[in-house]
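Q: Quick one: structure below, then a few questions.
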Amino acid sequence: MVNFLPAITILTFTRVSVSSLVVPHAASHKSRHEHIAVPPLSAFSVNVPFHFRITNSKLSALDDSSSPSAISEGEKCTSHTWSPQDLTKDNHNFVSIPTDDYIKKYQQNPELWPVECFLITHRQMHNTKTGKIETQLLVRRSANGTSKHGLGTGVPATRWVLSTQDEKQQPPPPPRGYNWSEPRIRFEANNFPEFPKDDNVDSWMYDKIDIREDAFYNLEFRDVELEEYAEKVHNELKLHLSQILTSDNSKKEKLTSWEYSVVSVVAKIVNNANCVAAIQGTLRMSGLFQHRETTTTTTDDDDATTSSRRRFVSFDERAVKPSKLAQSMRIYTMFPQMPDPMPLPFTTPEELQKEIATRASVMAKSGRDPHKDKYGRVYTHISTSNVSNTIHGIYLTLDATDMPNLDEVSGRDLFGTERIEREWVSLEELKVLDTDGENIGTDDTKPTFISGFIVRQLVKEGVISKFKSRIQSI
């Protein structure tokens, strides 16, 4: 995910009068905090539920044999598995999900769902130290301490940010490249189950923001070729999602109401013109489409083809054909392990980092299950206090096996102001596979790789190849 606010910003909390969609909350609170700090938003992402794909114009369903309902309440997890799950469905041996659960509210009003785009890049390489062929992912070091590695390519198309609560004051401007959703959409913090149980704690608001269609237009590093390529991918994605939602496919494959709603929410977001910017953003952050540094002076006579070939990955590569990238799309719903209780908005950065560092020991002392909530829903990742880490994630997958000279790819932040080192890490090291490199791993991926459970699912489905490790003749 994009880290919109790298540091805590102090502002006066206000209640604004807007034409807004407000989800009712359980209790009314009077504001007693004059100054509130905006908590830093997570720079990462991981993910949960639902997966599907079109293969020969058919929708392929997932095996749900490893759903959380198969895990008894008293069982201590020594084998950590995950598969897409219906987050509104009660699980055997767990208490029922209440009607006022925030995800059920999201389902009642789909405009509330955050949606984010990701690019996953993988390749098969010979490891000279082990003599084995291994599958590697292009990842970055996690920026917030919740995990060791993250994808580093998440760009929200729509998400939540902290709002103001005093109607006498205007809210702060939305983050760079984003606008407030129209009409304004709001959600009370006390809708989330981790909201402090203390009756003296006042609730606060979140507002929805959407990426701007012109998010990258007026920047020095505007990349017209990348814009055009992102638009082609966008058009293919719209077509792909439309195929999934056709009555023939949805009925034939017997999509559940949850599955159909997930695809519908994502399709509505993707159909918006501004989604091109979210797609372009995830391509930017991958670093793959940057121009290589060169001492050769280029001229204005260089055509688009020449420019494309100066990039780490050229647009004419077969692996990045827009239709192929769109066909690789998978959708997973992220369900995070949040801090409980969730920190108040004026919590300092130091206190937020301390909470992340001590959460495991605090959960162990309190008896809280670190792997699933009290309703049996399995966590996909460890989260900061960022409530937008419950999202529908759109995953595009790129196979870079046959692409040369990608060992030194480095990424950028969303707007190109910060260089972000990226590295190729094996699926074994990321805990996606066992140490033998051949079997799906059963270790808990959350502390190691934010998207570990997601990539495991991609391997299960054959989207990312699990190359059998073997000694190579040299």
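The values are calculated or read from the model by the stated rules, or taken from the named source; none is laboratory data. Quick caveat, the model's predicted, so the values are computed rather than measured. Reconstructed Cβ throughout: ideal geometry from the backbone, glycine too, with neighbour counts over all protein chains shown. Surface accessibility is based on the protein's heavy atoms, side chains included, excluding ligands, DNA and RNA. Shrake-Rupley method; radii C 1.70, N 1.55, O 1.52, S 1.80 Å.
Q: Is it true that some residue in the range 177-186 is part of a strand (DSSP E or B), open to solvent by 20 Å² or more (accessible area, probe 1.4 Å), more than 29 Å from P370 (Cβ to Cβ) and polar (S, T, N, Q)?
A: yes
Q: Please state which of the following conditions E116 fails to meet, knowing it meets all the rest: (1) under 26 Å from I356 (Cβ atoms); (2) open to solvent by less than 20 Å² (accessible area, probe 1.4 Å); (3) out of contact with any Pro (no Cβ under 6 Å at 6 or more places or on another chain).
A: All conditions are met except number (3).
Q: Report every pair of residues separated by at least 6 positions or lying on different chains whose Cβ atoms are under 6 Å apart, first residue within the range 331-349 and farther than 18 Å from E194 by Cα, second open to solvent by less than 10 Å² (accessible area, probe 1.4 Å) and of a type in the set (G, A, S).
A: Close Cβ pairs satisfying both conditions: Y332/G393.
Q: Follow-up. Identify, please: which residue in the range 87-98 is within 26 Å of the chain's Cα centre (by Cα) and β-branched (V, I, T) and is, among those, most open to solvent (accessible area, probe 1.4 Å)?
A: T88
Q: Suppose we keep only residues that are over 24 Å from M329 (Cα atoms) and part of a loop (DSSP other than H, G, I, E, B) within the range 384-400. Which one would you say is farthest from the chain's Cα centre (by Cα)?
A: Step by step, filter the range 384-400, then rank; the result is S385.
Q: I need the full set of residues from the range 207-242 which are in a helix (DSSP H, G or I), open to solvent by 70 Å² or more (accessible area, probe 1.4 Å), at pLDDT 95 or above and closer than 17 Å to R284 by Cβ, in order please.
A: E228, E231, K232
Q: Before we move on, is P84 modelled with pLDDT of 80 or more, crowded, with 19+ Cβ neighbours inside 10 Å and not β-branched (V, I, T)?
A: Yes, satisfied.
Q: What number of residues within the range 241-293 satisfy the criterion of being in contact with a strand residue (DSSP E or B) (Cβ under 8 Å, 6 or more places away or on another chain) and of a type in the set (S, T, N, Q)?
A: Result for the range 241-293: 8.
Residue-by-condition table, conditions (1) more than 30 Å from T390 (Cβ to Cβ); (2) at pLDDT 95 or above:
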residue: A304; (1), (2): yes, no
residue: V313; (1), (2): yes, no
residue: V320; (1), (2): yes, no
residue: S328; (1), (2): no, yes
residue: M334; (1), (2): no, no
residue: D340; (1), (2): no, yes
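Q: While we're here: Look at the range 320-352 and say how many of its residues are among the small types (G, A, S) and either buried (at least 17 other Cβ atoms within 10 Å of the Cβ) or touching a Pro at 6+ places or on another chain (Cβ under 6 Å) (or both).
A: Result for the range 320-352: 2.
Q: Only residues that are more than 21 Å from K431 (Cβ to Cβ), out of contact with any helix residue (DSSP H, G or I) (no Cβ under 9 Å at 6 or more places or on another chain) and not hydroxyl-bearing (S, T, Y): list them for the range 354-400, please.
A: The answer is K354, K365, G367, D373, K374, N386, I391.
Q: Filter the range 401-440 down to the residues that are open to solvent by less than 10 Å² (accessible area, probe 1.4 Å), part of a loop (DSSP other than H, G, I, E, B) and farther than 30 Å from D214 by Cβ and list them by number.
A: Selection gives L406, L427, L430, V432, G437.
Q: For residues that are crowded, with 19+ Cβ neighbours inside 10 Å and charged (D, E, K, R), scanning just the range 373-400, find the one that is nearest to F192 (Cα to Cα).
A: Looking at the filtered set, the residue picked out is D373.
Q: Now for a separate question. Can you run down the residue pairs with Cβ atoms below 6 Å, 6 or more apart or on separate chains, where the first is in the range 262-283 and assigned to a loop (DSSP other than H, G, I, E, B) and the partner is open to solvent by less than 30 Å² (accessible area, probe 1.4 Å)?
A: Within 6 Å, the pairs are N274/I211.
Q: Regarding K238, is this residue of a type in the set (K, R) and out of contact with any helix residue (DSSP H, G or I) (no Cβ under 8 Å at 6 or more places or on another chain)?
A: Criteria not met by K238.
Q: A follow-up question, please. Residue under question is E194, and the condition is that it be more than 25 Å from T282 (Cα to Cα), acidic (D, E) and open to solvent by 10 Å² or more (accessible area, probe 1.4 Å); does it hold?
A: Taking the combined requirement at face value, the residue satisfies it.
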